[in-house]
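The values are calculated or read from the model by the stated rules, or taken from the named source; none is laboratory data. Predicted, not measured: the structure shown is a model, and the values here were computed from it. When we count neighbours, we look across all protein chains shown, and the Cβ atoms used for this are built from the backbone with ideal geometry, even at glycine. Heavy atoms of the whole protein, side chains included, go into the accessibility calculation; ligands, DNA and RNA do not. Shrake-Rupley method; radii C 1.70, N 1.55, O 1.52, S 1.80 Å.
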Amino acid sequence: QVQLVESGGGLVQAGGSLSLSCAASGRSIRWYNMGWFRQAPGKEREFVAAISWSGGTTSYADSVKGRFTISRDNAKNTVYLQMNSLKTEDTDVYYCASRQKVTVTTTPSDYDYWGQGTQVTVSS
């Protein structure tokens with residue numbers, strides 16, 4: 001099994017930046033595709049970004065394209081989400097997830113393991 005722990009969330013003003021980390025343990029995520037999702041209370045979990053096991057393929061939601069960057073360091077068993085030019089509508093709980101399949105996907109149900117989430121709040 002893979003355990004995922006997110007960190008780096010917090011309160012930031014609109015226009016600011018935050019960097020989220022997702023540290024994996026239990027086994028290496030070197031061969032796992034990884035994703036970031038977000039969810040507000042009472043809403044569906046929403047895709048944010050995904051990265052292939054090699055880092056060679058990335059995918060972003062239209063709402064974050066050009067502002068967020070997903071990356072990974074397989075040696076550290078960690079995935080990152082750099083969030084710039086934050087907007088109030090980016091306020092959510094952010095989750096990372098792992099997928100032991102070849103293809104990168106944006107569908108939450110395609111992912112096998114999830115972290116507990118980290119709160120990101122963007123104030124106006």
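Of all residues in the stretch 1-24, those satisfying the criterion of being of a type in the set (S, T, N, Q) and either modelled with pLDDT under 95 or surrounded by 15 or more Cβ atoms within 10 Å (Cβ to Cβ) (or both) are Gln1, Ser21.
Provide a single number: the residues in the stretch 72-83 that are loosely packed, with under 14 Cβ neighbours inside 10 Å and either within 14 Å of the chain's Cα centre (by Cα) or within 20 Å of Gly117 (Cα to Cα) (or both). So that I can check it myself, show each step before the final result.
Going through the stretch 72-83, the residues loosely packed, with under 14 Cβ neighbours inside 10 Å turn out to be 73, 75-76.
If we keep only those that are either within 14 Å of the chain's Cα centre (by Cα) or within 20 Å of Gly117 (Cα to Cα) (or both) as well, we get 73, 76.
Adding up the residues that qualify gives 2.
The residues listed here are Leu4, Leu11; of these, the one that is under 30 Å from Ser124 (Cβ atoms) and part of a strand (DSSP E or B) is Leu11. What about Asp112, is it without any contact (Cβ under 8 Å) to a residue 12 or more places away in the chain and either open to solvent by 60 Å² or more (accessible area, probe 1.4 Å) or under 19 Å from Val5 (Cα atoms) (or both)? Judged against the criteria, Asp112 is not a match.
Rundown of residues vs (1) farther than 14 Å from Val2 by Cα; (2) of a type outside the set (Phe, Trp, Tyr); (3) surrounded by 20 or more Cβ atoms within 10 Å (Cβ to Cβ); (4) modelled with pLDDT of 95 or more, yes/no style:
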{"position": "Gln39", "(1), (2), (3), (4)": "yes, yes, no, yes"}
{"position": "Gly42", "(1), (2), (3), (4)": "yes, yes, no, no"}
{"position": "Ser54", "(1), (2), (3), (4)": "yes, yes, no, no"}
{"position": "Ser59", "(1), (2), (3), (4)": "yes, yes, no, yes"}
{"position": "Phe68", "(1), (2), (3), (4)": "yes, no, yes, yes"}
{"position": "Gln116", "(1), (2), (3), (4)": "no, yes, no, yes"}
{"position": "Ser123", "(1), (2), (3), (4)": "yes, yes, no, yes"}
